[in-house]
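**Q** What follows is a structure written as structure tokens; I'll ask about it next.
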């Protein structure tokens, strides 16, 4: 797998009402990962995104994992586990400025300019790949105005970093 530059994603994120910098002050050993859906108890995913962080040294005695998410809902701010982000395969595209963009949840419609013209992506549904219940790949739609289909890449998160899956590579 080829490691991607993390900061290339953040320009295309949208506000969740959570101040990432304040979270990083409160949890100084944590690292911001990005925006992802939350996993529900039934194994499905939310139709909204949360801010996800990676903690290299979680307190396992308290049941903590390496990932946690913070989100705002109905006037409250909540924290929950987010280890499911390592189960997701993201379809990622590059905009005309070289920044990376992906659908973060099922109905996340995003439009952007690329070298070949205007492109829109729309999150579809998370489908389990293979014989196991993970990983999940976003089966969405890609729309473009002219020319060849925009080339995307398959990306996973490992240890709080984004990696491109090379063709034929097993997870």
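The values are calculated or read from the model by the stated rules, or taken from the named source; none is laboratory data. Just so it is clear, the model here is predicted, and its values are computed rather than measured. A quick note on method: Cβ atoms are made from the backbone with ideal geometry, for glycine too, and the neighbour counts reach across all protein chains shown.
**Q** Select from the range 74-83 the residues that are modelled with pLDDT of 90 or more and surrounded by fewer than 22 Cβ atoms within 10 Å (Cβ to Cβ) and write down the one among them that is nearest to the chain's Cα centre (by Cα).
**A** 83
**Q** Another question, if that's okay. Can you tell me which residue within the range 138-152, out of those that are over 11 Å from the mean Cα position of the chain (by Cα) and surrounded by 17 or more Cβ atoms within 10 Å (Cβ to Cβ), is modelled with the highest pLDDT?
**A** Applying the filter and picking the extreme gives 152.
**Q** Select from the range 62-73 the residues that are part of a strand (DSSP E or B) and surrounded by fewer than 18 Cβ atoms within 10 Å (Cβ to Cβ) and list them in ascending order.
**A** Passing the criteria: 72, 73.
**Q** What number of residues in the range 126-137 are surrounded by 13 or more Cβ atoms within 10 Å (Cβ to Cβ) and modelled with pLDDT of 65 or more?
**A** From the range 126-137, those surrounded by 13 or more Cβ atoms within 10 Å (Cβ to Cβ) are 126, 128-129, 134-137; that's our starting set.
Checking which are modelled with pLDDT of 65 or more leaves us with 126, 128-129, 135-137.
Qualifying residue count, the range 126-137: 6.
**Q** From the list 97, 167, pick out the single residue that is in contact with a helix residue (DSSP H, G or I) (Cβ under 9 Å, 6 or more places away or on another chain), outside the structural domain of residue 46 (by TED's automatic domain parsing), loosely packed, with under 12 Cβ neighbours inside 10 Å and not in a strand (DSSP E or B).
**A** When all the criteria are applied, what remains is 97.
**Q** Check off (1) surrounded by 17 or more Cβ atoms within 10 Å (Cβ to Cβ); (2) touching a residue at least 60 places away in the same chain (Cβ under 8 Å) for residue 39 and give me the number that stays unchecked.
**A** Condition (2) is where residue 39 drops out.
**Q** Still on this model: Give the range 1-38 a look and list any residue that's modelled with pLDDT of 85 or more and under 12 Å from the mean Cα position of the chain (by Cα), or say none.
**A** 32, 33, 34, 35, 36, 37, 38 - these are the residues of the range 1-38 that are modelled with pLDDT of 85 or more and under 12 Å from the mean Cα position of the chain (by Cα).
**Q** Just the residues that are assigned to a loop (DSSP other than H, G, I, E, B) and within 13 Å of the chain's Cα centre (by Cα), please, taken from the range 39-61.
**A** Within the range 39-61, the subset assigned to a loop (DSSP other than H, G, I, E, B) is 40-44, 55-59.
Correct list: empty.
**Q** Continuing with the same structure: Do you know which residues across the range 108-157 are at positive phi and either outside any strand (DSSP E or B) or touching a helix residue (DSSP H, G or I) at 6+ places or on another chain (Cβ under 7 Å) (or both)?
**A** 130, 147
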